[in-house]
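Q: Before anything else, here's the structure in question.
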Amino acid sequence: MRDVDDPVTLLRPYLSRADRAALRGAPDLPTALVARGHDGPLHGLRHVLAAHPEVAPSPADLLARIDDLDRAFPGGVPLLLPGAPATLDLPRAAVAGLGAHLLLGSLPPHEALHPEQPFNRLDPALADRLPSTQAKLAAWLCWLRQAGRAPPPGRLRILRRCQAPPTAAQWAACEAPLTPLLVLPGSIEDAQGCLQVDFANRFPGGGVLGRGNVQEELRFSVSPELLATTLLCPALRDDEALVVHGAARFSTIQGYGGGARFAGAFADPTPTRPDGSPRVEVVVLDALPFCDGGDLRRQIHLSHRLREAGKAWVGFLPSPEEGATPVATGNWGGGVFGGHLPLKALIQWMAASWHGRPLRYHPFGDPRLGDLEGFAAAARGWTVGRLWAALERVAEGLQGRPVGQGCGLSDGRSLYEAVRDALC
């Protein structure tokens, strides 16, 4: 991977001396924003501060973390650009400085950085009256409050992986045994000692800074250090994934979608490294969108299957820091992206197994997954190549035939049953 000292595009936040003086003299956050020139409405911010005054960071604390960022990256923070494998280490206190600039509106416009740089303004959230957006805003403020009062120790490490995935022939020839698979209750972010999958948009963070309120956006809210990928990583290509080490949780959000609500600060129990960095590893993994209701016949097509398997394969490569830990995942691409849950589960299982990683599947109670655990028991002793070949036979059999409703086939069989039958 290239060293970040190589010539790269730099993100250069900016606060003038006048801005800094105005912030130092501001008694509270809304006054500080207005003093810095914010001229938009602050309905969302004012509602959050009225409901949760305990989350308000002081302007002086924001400046302290901005100073940490300036010391760590006096010339600007490197972007991790598409097609260029790279690693970036940031002091977690400096990451809070990036968050402070995001809040204050002192980042350069995303259009000025890279053609595919994600949106990087907080103005819509500061104005939004929607309760689920206010829940995210409260979580970000909770982070900046905690990080301002006590600079978080350790470092955040972001890896942009770009690697050619296996071909169809290599998948079919893979002799790696399918690893143990468990279907578990609870949340992915509670899976300590695992690689935790973020169900990402190709623009890291998705709609996190707007009204997005599903898995990725909520994870980026309770673990807001992940916002560094939104600010520093342009859109992902099909052969890329981001891996983030050291992003702690600072708060809790209860509910999902439009029902998401802020539920207070969170003391992260994750073990830490000697320097204080949390031992948490998150992979930012974007699935193909089938938002138009793409059926199983389309999604199991070789080109789509190769793309999804390759994306997971790149993301699940073991890191030197953590090794082949289990992969904690769930209904990747199965929400607004319309993915076929059983197919996506089998694809993730093959990718994890290629690297010798067990799979911990958190289904969030979605009945569309079907009996994945029963299929895993029946497939005990299979290899990755055998499962790939079975899926290929099912795909061939679906061409030109109707597909059933939901996650089944037109003859009433589940995908799991069709895969077993394909090997008989």
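The values are calculated or read from the model by the stated rules, or taken from the named source; none is laboratory data. Nothing here was measured: the structure is a model prediction, and the numbers come from that model. A quick note on method: Cβ atoms are made from the backbone with ideal geometry, for glycine too, and the neighbour counts reach across all protein chains shown.
Q: Are any residues in segment 285-305 among the basic types (Lys, Arg) and under 24 Å from the mean Cα position of the chain (by Cα), and if so, which ones?
A: Hit for segment 285-305 is Arg305, nothing else.
Q: Just to be sure before I move on: is Pro74 within 29 Å of the chain's Cα centre (by Cα), surrounded by 14 or more Cβ atoms within 10 Å (Cβ to Cβ) and in a loop (DSSP other than H, G, I, E, B) in the structure I sent?
A: Considered against the rule, which asks whether it is within 29 Å of the chain's Cα centre (by Cα), surrounded by 14 or more Cβ atoms within 10 Å (Cβ to Cβ) and in a loop (DSSP other than H, G, I, E, B), Pro74 comes out as no.
Q: Can you tell me which residue is farthest from Val419 (Cα to Cα) among those in segment 355-373 that are surrounded by fewer than 20 Cβ atoms within 10 Å (Cβ to Cβ) and among the charged types (D, E, K, R)?
A: Looking at the filtered set, the residue picked out is Asp366.
Q: Tell me, which residue of segment 339-353 that is in a helix (DSSP H, G or I) and among the small types (Gly, Ala, Ser) is nearest to Cys291 (Cα to Cα)?
A: Looking at residues that are in a helix (DSSP H, G or I) and among the small types (Gly, Ala, Ser), I get Ala345.
Q: Also, I was wondering about something else. Please tell me if Phe262 is at pLDDT 95 or above, buried (at least 22 other Cβ atoms within 10 Å of the Cβ) and out of contact with any Cys (no Cβ under 9 Å at 6 or more places or on another chain).
A: Here the answer is no, as Phe262 does not meet what is asked.
Q: Of everything in segment 147-170 that's out of contact with any Lys or Arg (no Cβ under 9 Å at 6 or more places or on another chain) and either in a helix (DSSP H, G or I) or basic (Lys, Arg) (or both), which residue is farthest from Asp239 (Cα to Cα)?
A: Top of the filtered list is Arg149.
Q: Name the single residue, out of those in segment 1-51 being modelled with pLDDT of 95 or more, buried (at least 17 other Cβ atoms within 10 Å of the Cβ) and under 26 Å from the mean Cα position of the chain (by Cα), that is nearest to Leu102 (Cα to Cα).
A: Filtering first and then ranking leaves Pro13.
Q: Can you find even one residue in segment 163-171 that is of a type outside the set (Ser, Thr, Tyr), surrounded by 16 or more Cβ atoms within 10 Å (Cβ to Cβ), in contact with a helix residue (DSSP H, G or I) (Cβ under 9 Å, 6 or more places away or on another chain) and more than 24 Å from Val244 (Cα to Cα)?
A: Yes.
Q: Cβ-Cβ distance below 9 Å, separation of 6 or more or different chains: which pairs start in segment 325-338 with a residue that is within 25 Å of Arg279 (Cβ to Cβ) and in contact (Cβ under 8 Å) with a residue 12 or more places away in the chain and end on one that is of a type in the set (Lys, Arg) and assigned to a loop (DSSP other than H, G, I, E, B)?
A: So the pair list comes out as Thr325/Arg357; Pro326/Arg357; Val327/Arg357.
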